[in-house]
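Just below is one structure, and these are the notes that go with it.
Every number in this text was worked out from the coordinates using simple rules, so none of it is lab data. Keep in mind it's a predicted model, so treat the numbers as computed, not measured. Every residue, glycine as well, gets a Cβ built from its backbone with ideal geometry; the counts of neighbours run over all protein chains shown.
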Amino acid sequence: MMAAGRAAELGRRVLLIEKNPALGAKLKISGGGRCNITNSEEDIHALLKNYGAAAKFLYSTFAQFGVADTFTFFAKLGLSLVVQANNRAFPKTERAVDVARALEKYLASGKVTIFTDTKVTEINNVVNRIESIVAGGVTYTANAYILATGGLSHPETGSTGDGFGWLRDLGHTVVTPTPSIVPLSTKERWSHALSGVSLPIAKVTYYIDGAKQFSRKGPILFTHFGLSGPTILNSAAAVGDLLHTGEVTARIDCNPDLDQGALDKKIITVFDANKNKMLKNIVGEFVAAGLSPGLWLLVPTINPDTKVHSLKKEHRKLLVETLKALPVTVTSLMGFDKAIVVDGGVPLSEIDTKTMRSTILENLFITGDLLLINRPSGGFSLQLCWTTGFVAGSHS
């Protein structure tokens, strides 16, 4: 949508072919329906560090359309953005559908022709050019072709890897995709019982066969199958590597800014002020909202109906220890259907990143998730979408 709108803005006659019944299916569900539209880090060097080995290829790309340009672009379409925790920018309405509508407005202003419910079945090339495509049983020719099919994450939205197959057939190298930013499946019933509960700030430490490996700090979300949220998603690739070498366990620290002694003092203060109340009625003063059902499953020796003044010291200590190290066993990464980002794609050595033009086919441009660019969650994927789409549309 960005590529088509930009090409039309520059005076091109543009046909946008979409196999779904409507545009923007994946966009409309991004960020849990809120759409983390970009990351507000405007320093290009700091921003590009998040794209790993691809960073060195992307300076000229992002110089043409960066984070500040994204804010301006959507503002001109009537969609203001707001920045929340960890530089994550969202539409002010917090509705992903409004982002899709803004882009549809952009397409309409350029008089882009749009065919929905139309599947591309062939891409025909001669020597170093694409000659034509076949879509919906009709052959189309053009001066330039832009592939913006997305990768393999959320295949229910139409991202079924079609673009990877076409690119291989056209002579490009395609690194096989695997889920890279994806939730974790866990074994323990207590964590599943907390589905929907979030910890705004927590620290998760991963172990392999009991030996500490690495830690991450930030928001965590419990789900019916295990763990998600930015901190978990951005750990997934490394956890996937660990799963090949042994049993992966994790400990979740619900109070990472307090050591055990400080947390114990905090709980004692709460207890002193509520001596005649039942534990279950005051636990919310020192644990995150909604966490207590899982907590009682983890500490079955503690009766939540106990009056605070009757609670044994060893039980208070057990609460502290548990809140500093909620135990889970990671059984697997979730699949493509749960993935936020899937790695894999065409190496940037086969792309002129000043234009997003293929170095193999002179009239083909490749964008977004079709490119081999790893990145964390936090708005970096959609910024890559806006940037590569704009640049491809500008030069096609």
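Results, tabulated for the structure shown:
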{"quantity": "Estimated inter-spin distance, Lys105 and Tyr140, nm [label 7 Å along Cα→Cβ]", "calculated": "2.5"}
{"quantity": "Segment Asn281-Thr113, length gained on full extension (0.36 nm per residue, minus Cα span)", "calculated": "54.4 nm"}
{"quantity": "Distance between the stretch 265-282 and the stretch 1-78 - C-alpha centres, whole angstrom", "calculated": "50"}
{"quantity": "Per-pair calculated FRET efficiency, R0 = 35 Å: Asp43 and Glu362 via Cβ, rounded to 0.05", "calculated": "0.55"}
{"quantity": "Positive dipole terminus of the chain, leading residue within Leu23, Gly229, Thr367 (C-beta point charges)", "calculated": "Gly229"}
{"quantity": "Local net charge near Ile130, Cβ-Cβ under 14 Å (Lys/Arg +1, Asp/Glu -1)", "calculated": "-2"}
{"quantity": "Among Thr353, Ala211, Phe271 the positive-end extreme of the charge dipole of the chain (Cβ point charges)", "calculated": "Phe271"}
{"quantity": "Cβ charges +1 (Lys, Arg) and -1 (Asp, Glu), total dipole of the stretch 183-334, debye", "calculated": "440"}
{"quantity": "Kyte-Doolittle mean at least 0.0 and Cα axial length at least 18 Å: DSSP H helices in the chain", "calculated": "96-109, 260-273, 380-395"}
{"quantity": "Size of electric dipole in the chain: Cβ of Lys, Arg +1 and of Asp, Glu -1, about Cα centre, debye, nearest 20", "calculated": "1080"}
{"quantity": "For Rg and Dmax of the Cα atoms in Å, calculated from these coordinates, the label among [x] 20.0, 60; [y] 24.6, 84; [z] 19.4, 55", "calculated": "[y]"}
